[in-house]
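What follows is calculated from the coordinates using simple rules that are stated; it is not laboratory data. None of the values given here were measured: they were computed from a predicted structure. Because the Cβ atoms are built from the backbone with ideal geometry, glycine has one as well, and the counts that use them run over all protein chains shown.
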Amino acid sequence: MALNVNSLKTVNRDERVIPVEYLVLHYTAVDLQETLAIFTNPKSCVSSHLVIDTDGEVYELVDCLEGRAFRGWHAGVSQWEGVQGLNDCSIGIELVNYNGNVFPFTDAQYLSLHRVVSRLKEHYPNLQNPRQIVGHEQIAGFRGKADPGLCFDWVRFYSENYPGVTPPQRQAVCPAELQARLLQLRESEPESPEERSKFWCSVSALTETTVRLIQEASEPK
């Protein structure tokens, strides 16, 4: 399968090659233009290896597709199965979506994600195991991270990329009650693309704060 990639390098990375043990999926909370602006702004101190737009276009900002992955800045404080700080050992993919707990992902995104994962599995043997694919919410839900969210179809993802294998469970952290409130906000979104990105970025920040407080409240005292 052909994989067409737009190369747009960022300085928001570390100049060292990492061992790739995991793949982490995210949603952007803003549109493509704002996503690329943030990831290429040295002051933002954030980046992802790859970005997949709603039309399926793929952008590589931190090298990873040719068998050598540099350390990106996508996971932040994170932990998973005893591993701390997944920036040290994972590739991050951002799917353009205002809020993955509100908006579904596109067929074009799933198709490009399939092509990307196929390429990555060729280079990084650990990614041939479906358990090594996680969402940001699995590794940093304790900080309120809620992506890729309830609208990401993990069953579809695993069936397309790991057919015939029993998929691992990937539980979203956004409660259904919160999702219902977020869905209501679609009626209030601004018309202009710039204002819409600002609006949903604020909503995603609110989502993270709410999820973090819920997580903290559920912790044993």
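Can you tell me the length gained on complete extension of the stretch residue 219 to residue 195, counting 0.36 nm per residue apart and subtracting the Cα distance?
Gain in length upon complete extension: 5.0 nm.
Within segment 22-105, which trypsin sites (Lys or Arg not before Pro) sit in a loop by DSSP and count at most 12 neighbouring Cβ atoms inside 10 Å?
43, 68
Listing 115, 16 from the residue with the fewest other Cβ atoms within 10 Å to the one with the most, what is the order?
16, 115
Across the chain, how many lysine pairs, 8 or more apart or on two chains, come within less than 23 Å at their alpha-carbon atoms?
Values: 9/43; 9/121; 43/145; 43/198; 145/198; 145/221.
Close lysine pairs under the 23 Å cut-off: 6.
About its Cα centre, how strong a charge dipole does the chain have in debye, to the nearest 20, once Lys and Arg get +1 and Asp and Glu get -1 at the Cβ? Mind showing how you got there, number by number?
On the way: 20 positive and 29 negative charges, 113 e Å.
Computed about the Cα centre, the dipole is about 540 debye.
Determine, at each q value in 0.07, 0.09 (inverse angstroms), the log₁₀ of I(q)/I(0) that the Debye formula gives when each Cα of the chain is one equal point scatterer.
-0.20, -0.33
Mind listing the phi-derived Karplus ³J(HN,Hα) values for segment 68-81, rounded to whole Hz, using 6.51, -1.76 and 1.60 with θ = phi - 60°, and x for any glycine or proline?
9, 10, 7, 6, x, 10, 10, 8, x, 5, 7, 7, 7, 6
If you stretched the chain out fully between residue 9 and residue 44, how much longer would it get, using 0.36 nm times the residue separation minus the C-alpha to C-alpha distance? Write out the running numbers ahead of the final one.
Numbers: separation 35, 0.36 × 35 = 12.60 nm, distance 1.46 nm.
Going from the current span to full extension adds 11.1 nm.
So for the chain, averaging the separation of alpha carbon pairs under 8 Å that are six or more residues apart and normalising by length, what relative contact order in percent results? Kindly include the intermediate steps, with their values, before the conclusion.
Working: 424 pairs, mean separation 52.2, N = 221.
That works out to 24 percent.
Calculate one ³J(HN,Hα) per residue across segment 115-123 by plugging θ = phi - 60° into the Karplus curve 6.51 cos²θ - 1.76 cosθ + 1.60, and present them in order as whole Hz with x for glycine and proline.
Residue by residue, segment 115-123 yields 5, 5, 4, 4, 5, 5, 5, 5, 8 Hz.
Work out, step by step, the length gained on full extension between residue 122 and residue 180: first 0.36 nm times the residue separation, then minus their alpha carbon distance; give nm to one decimal.
Separation in residues times 0.36 nm, less the Cα-Cα distance, equals 16.9 nm.
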